[in-house]
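Read-outs throughout are calculated quantities, based only on the coordinates presented, and are distinct from any laboratory measurement. Predicted model, so just to flag it, every value in this text is computed and none were measured. Backbone-built Cβ (ideal geometry, glycine too); neighbour counts: all protein chains shown.
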Amino acid sequence: MLGITDFWTYVLGVVAIILLPGPNSIFVLSVGAQRGVRAGYQAAGGVFLGDAVLMILSATGVASLIAAYPTLFLVLKYAGAAYLSWVGVNIIRSAWRRWRDRSVPAAAPTGEPPAGMQRPFRRAAVISLLNPKAILFFVSFFIQFVQPGYPHPELSFLVLGTVVQFFSALYLSALIFGGRYLAGQFRERRRLATGATTAVGTLFVGFGIKLATASVG
């Protein structure tokens, strides 16, 4: 079908992979909880853009250069690790600064957004793009389901990419509205808000460390 082999196997694989927690989904959930539905969808839009760029790079063969040139992989790896760690540290600092300043509401709907969650569209897009492991994943995963010799492989990649974005939109929407519920809990419980935000920041630092120690394989 349209140059795609084992379509339903691909769909099941996509669902399983999307459900695995990662920096993108954690960031969208956190933005939804801290800043509301609108900002949550701005972050989701950044994820969609970042993933779309990675898929285009994979389909055109550009992303395979990362596997062919280890130095390029190292540059992207450490840049991505540094960015994720920087976002995490800013989130942690913001959480504890708000805890010390008792005059600031725990999750105020107005006012300055927490550090690390400003400009959610841009941050989410950068988090997606500075992830060489994600690029390598798209390369290896997509190629398995594109029929060799099909005259219009761009159509195959379009369908495969649409499936990824569809299930990603469903999942991120659930996270955003789940974050909206959490926001209500955070407004009533300052200690819970501080602890949860600190945990999110720690996760981002952990994602950065994991990426820094990742290998091409």
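If we sort 42-51, 196-205 on the protection proxy, mean other Cβ atoms within 10 Å, highest first, what's the order?
Going from most to least packed, we get 42-51, 196-205.
Using r as the Cβ-Cβ distance of Leu19 and Tyr69, and R0 as 25 Å, what FRET efficiency do you calculate, to the nearest 0.05? Numbers along the way, then the final one.
On the way: r = 32 Å, r/R0 = 1.28.
Computed FRET efficiency for Leu19 and Tyr69: 0.20.
Just order 13-23, 169-179 by mean Cβ neighbour count inside 10 Å, highest at the front, would you?
Those peptides, ordered most packed to least, come out 169-179, 13-23.
Computed FRET efficiency, Cβ-Cβ of Ile56 and Phe177, R0 22 Å: what is it to the nearest 0.05?
According to the calculation, E is roughly 0.15.
Please report the equivalent ellipsoid semi-axes of region 1-100, computed as sqrt(5 x eigenvalue) of the Cα gyration tensor, largest first, in whole Å.
On the way: eigenvalues 189, 89, 26 Å².
Output for region 1-100: semi-axes of 31, 21, 11 Å.
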